Amino acid sequence: YVNIIENNNALLLQLISDILDLAKIEAGTLEFIYNDVDINLLLDEVEQITQLKIDSSRVSFSFVERLSECIIHTERNRLLQVINNFISNAIKFTKENGKISIQLMDTEDTATVKITDNGIGMKPESLNHIFDKFYRVPTGNLHDVKGYGLGLYYVRTMIEKHGGTVSVESEPGHGSIFTLVINE
């Protein structure tokens, strides 16, 4: 029971934080503190946090591709929150013997982060709405899925405020790939 209370407490705190951030964004009062951020180190931190969150007997997680150097000028805590949101969703929708991976790629003036899972995937009609406010992917029994449909809306809003983009590819039964492109 203590674990259930702790998990629900963490979900509630995250929900409140996301709602407050979204209200600040819509009001134009959310402050961003930009610094040079080593994305490899940030993703190493994500990997360590994720290893503690997952049931490794059910799902594996790995940082499969990194760059020799990738430093961008961004808001570190917001970027960490965005990536952790993708990972949390991947964990939530990944089945037994699941695999989640993260890749970091670099092009001329952008860093690209891809989060891939072999979870339940999504139907094409869900892909058009996945980043909408309060949208939850129909899974047959929505009571099995925790969340309020704000996480990916928050992600899209936050990334667009930073001049980046976010996209998704998915196929039912074969998982999803979320791609985050960050301007350097």
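Any residue that is closer than 20 Å to Leu12 by Cα and touching a residue at least 40 places away in the same chain (Cβ under 8 Å) - is there at least one of those in region 118-129?
To start, the set of residues in region 118-129 that are closer than 20 Å to Leu12 by Cα comprises none.
Among the residues of region 118-129, not one is closer than 20 Å to Leu12 by Cα and touching a residue at least 40 places away in the same chain (Cβ under 8 Å), which makes the answer no.
Looking at Lys92, is it surrounded by fewer than 18 Cβ atoms within 10 Å (Cβ to Cβ) and in a helix (DSSP H, G or I)?
The answer is yes for Lys92.
Being on the phi < 0 side of the Ramachandran plot and free of Cβ contacts under 8 Å to residues at least 12 places away in the same chain is the filter here; which residues of region 15-29 pass it?
Keep residues of region 15-29 that are on the phi < 0 side of the Ramachandran plot, which gives 15-27, 29.
Passing the criteria: Ile16, Ser17, Leu20, Ala23, Lys24, Glu26, Ala27, Thr29.
Inside region 15-38, can you point out the residues that are in a helix (DSSP H, G or I) and out of contact with any helix residue (DSSP H, G or I) (no Cβ under 8 Å at 6 or more places or on another chain)?
The first filter runs over region 15-38 and keeps only residues in a helix (DSSP H, G or I), leaving 15-27.
Leu15, Ile16, Ser17, Ile19, Leu20, Ala23, Lys24, Glu26, Ala27 - these are the residues of region 15-38 that are in a helix (DSSP H, G or I) and out of contact with any helix residue (DSSP H, G or I) (no Cβ under 8 Å at 6 or more places or on another chain).
Which one of the conditions (1) closer than 23 Å to Ala111 by Cβ; (2) modelled with pLDDT under 90; (3) among the polar types (S, T, N, Q) does Asn35 fail to meet, given that it meets all the rest?
Going through the list (1) closer than 23 Å to Ala111 by Cβ; (2) modelled with pLDDT under 90; (3) among the polar types (S, T, N, Q), Asn35 breaks only (2).
Looking for whichever is within 15 Å of the chain's Cα centre (by Cα) and of a type outside the set (Ser, Thr, Tyr) here; the options are Ile87, Ile16. Which one fits?
Values: Ile16 fails: within 15 Å of the chain's Cα centre (by Cα).
Within the list Ile87, Ile16, the selection yields Ile87.
Hey, Val59 hits all of (1) open to solvent by 70 Å² or more (accessible area, probe 1.4 Å); (2) touching a residue at least 12 places away in the same chain (Cβ under 8 Å); (3) of a type in the set (A, V, I, L, M, F, W, C) but one; which does it fall short on?
The number of the failed condition is (1).
If the requirement is being among the acidic types (Asp, Glu), modelled with pLDDT of 85 or more, exposed (fewer than 11 other Cβ atoms within 10 Å of the Cβ) and over 12 Å from Ile102 (Cβ atoms), which of these qualifies: Glu26, Glu69, Glu75? It would help to see each step written out before you state the result.
Details: Glu26 fails: modelled with pLDDT of 85 or more; Glu75 fails: exposed (fewer than 11 other Cβ atoms within 10 Å of the Cβ).
Checking each option against the conditions leaves just Glu69.
The values are calculated or read from the model by the stated rules, or taken from the named source; none is laboratory data. Just so you know, these numbers come straight off a predicted model, no measurement behind them. Neighbour counts run over all protein chains shown; Cβ positions are idealised from the backbone, glycine included. SASA here: full protein model, heavy atoms, side chains in, ligands and nucleic acids out. Shrake-Rupley method; radii C 1.70, N 1.55, O 1.52, S 1.80 Å.
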